[in-house]
1. Among the lysines in chain B, how many pairs, 8 or more places apart or on different chains, have alpha carbons under 17 Å apart?
2. Just to be sure I understand the model, the point goes 7 Å from the Cα along the line to the Cβ. What's the resulting A:Lys374 to B:Val138 distance in nm?
3. How far, in degrees from 0 to 90, does helix A:25-36 lean away from the longest principal axis of the Cα atoms of chain A, to the nearest 10?
4. If you bin the C-alpha pair distances of region A:149-292 every 10 Å from 0, what whole percents do you get?
5. What are the ³J(HN,Hα) couplings of region A:419-431, residue after residue, when phi is run through the Karplus curve with 6.51, -1.76, 1.60 and θ = phi - 60°? Round to Hz, x for glycine and proline.
6. Shielding by partners for B:155-164, please: the mean number of other protein chain Cβ atoms within 10 Å of each residue's Cβ.
7. Would you mind pulling out the separation of the Cα centroids of region A:408-454 and region B:134-159, in Å?
8. How much length is gained if the chain between A:Thr393 and A:Ile347 is pulled fully straight, taking 0.36 nm per residue apart and subtracting their Cα-Cα distance, in nm to one decimal?
Amino acid sequence: MNLEPLFNPKSIAVIGVSLSNDRHPANVIFSKNQHRYPVDVFAVNPKGGFLQDETVYSRIADVPAPVDLAVLSVRADMVGDTMADCIKAGVRSAVVISGGFSEMGRGDLQEKLVAIAKEADFPFIGPNCLGIFVPSRFDTLFLPSERMILPQTGSVALVSQSGGILVDQMIKFSGEGIGMSKAISIGNKAVIRELDLLEYFAADSTTKVIAFYVEGFRKNEGRQFVTAAVECSKPIVMLKAGKSPAGQQAVASHTASLAGDYDNFRSALMQHSVLEVANDQELASYCEVLSAYNNPIEGRVAIITGSGGHGAIAVDACSAQGLTVPSLDEIRQKEIIAALSPSVQAIASCRNPIDLTGSAADDDFVAAMRLCCKSGVFDCILVLLLPYIPGITSDLSARLSAIAGRERIPLIAYVPHEEKYAMLIDGFQLNGNPVSPSIEGSVLMAKALSRRKR
Amino acid sequence: MMTQEMMELIEAAGRRGWMMEPAAKRLLELAGCPVPRYAVARSREEAGKAAREIGYPVIAKVVSPTIVHKSDVHGVELGIAGDDELLTAFDRLFALPDCQEVLIEESLRGTELIIGAVMDDQFGPMVMLGIGGTAVEVYHDVALRMAPLKEGDVQAMATSLKARKLIEGFRGQAPIDMEALAACLLRFSLLVMDLEPYIASADLNPVFCSSKGCTIADARFIMKN
């Protein structure tokens, strides 16, 4: 099945636009693509007429150009015929927004769609979904542009069984400065499932990290998915919902009561190097750091900070995550101290965590960072930055990023996410270094790198 | 690979819903998994003969189509040292509900592990390793993997247990023979792949492991409906 027209359409037909209701999902999709994206968009409604001065075609076959992608937003009982019309007219793929299928007990309607699509080898996403968002290319999400916060173009593909979770994550990614390659809500996943998208994104040159929100797989599909995941060289991150045990289990077997659905799910992912995350915040952290750095680490972490408390919390978090915080020997400690400004030399502690104290200035952080990179002791540097320390300027983050880039050591920063500190955050993020809004989050990012496939 | 005899054992168990212990032992034996020396006895004479051939001390267990959990009905006698004890045990067990025969086995020692299998709807056959005994469901300290297992999986499973020290050696006790444990689990995981159409779950509990090897002391297969 060729998914290229789904993700790379030059022309889109929106079937089911309303001539009287501008807030109809199909109208929202038509309008945002027409105004904001570099694709040709055509509106279709049996009644014909005009929408915003554009022709409304009464049949898909009347559209005067080849259509790569049709967005179907018609009543459930009409989707089958509409899809058959699309196939006949040479449309190459579809997104079915409409609900009212297996999620409403109408598995028969869904089976009909599957039969039509399979016979014609016709790829479609859905039904009962939001569809696809590709930054700067096109967007089938029926959410008005003015209500959305869109992430920038980047290298994370996110596939979600829930449209709501997908949109939430897009907003979160935007806030954290994480770029996306594609975002897909797969709804009832009647034909195109996680496995198909895993295979597509494994080969997609714009995608570096493949993330999934999954509620459950169909029979034996979990096995197929993890078996394919092992062959994929890109990191695969998964957030699973529905972890609590489903009702009372038969007591006839100990194993049956110990190996619940989620126990098996979690174990199968771990066995096949799929990175399961605990919650949505962790999903964003993993995506951010894994798209920033390509190589796994063993997890020998240097912690550079201006506060002893921050260092101590980070050490605890590293230890809880199985990361090491190796101590520097006397010689290397003296080397760092010698490079610090005189007022800091007497009070800084340089064993690791490296606490430069609240008297530190930019040059002290830069010196510590440079010597930590050169020491050969560490394979990851955490910088816990306190923007309110008087000696720090907004130049510091860019200077630290430059060193990390030169020395090819992953740098992860903690900076409180406040408007006031935006330039410090940008200094890291825009130079390719992830920033977490919490100390634990920054440690979690280091953990993500250590879990990356070798 | 399933042999004719294995298929017959499975068909007989299918009619009942679960496989009784002598059949389960035989199935495991045919699959190359380590089971103790055992024999079934339908009379006092047969029991005595079996025990002397196996060699005291032995254990005796009830075999009944209506008793799934033997320990719930005191259906197991451990550490039987001689003929007199054996006959007393045989008489008591043979009087339990629907008892058809009594299983006589060699006495085993070692750390008690549990090995199990379930057929997961999404992921297919899964195998489990944990610290065994009746409290296994209390501690929930188990490792699961998709079958079939590969070299190295068993070591990783053992290492992931909270009670890993019981396997690696603890308070002067020698570590468990990991090679034997790995061989047992690998063979079992292959059997489980073959059994996918027939069984819902399996418990090998306990499996006695020591520095000298591993032996499956009790086994139960729950068949699919």
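No value in this document is a laboratory result; all are computed from the given coordinates. Model, not experiment: these values are computed from the prediction. Because the Cβ atoms are built from the backbone with ideal geometry, glycine has one as well, and the counts that use them run over all protein chains shown.
1. 4
2. In this crude spin-label approximation the distance works out to 5.9 nm.
3. For A:25-36 against chain A, the angle is about 60 degrees.
4. 11, 42, 32, 11, 3, 0
5. These are the phi-based 3J(HN,Hα) values: 3, 4, 9, 4, 5, 5, 5, 4, x, 7, 4, 5, 9 Hz.
6. 1
7. That distance is 35 Å.
8. 14.5 nm
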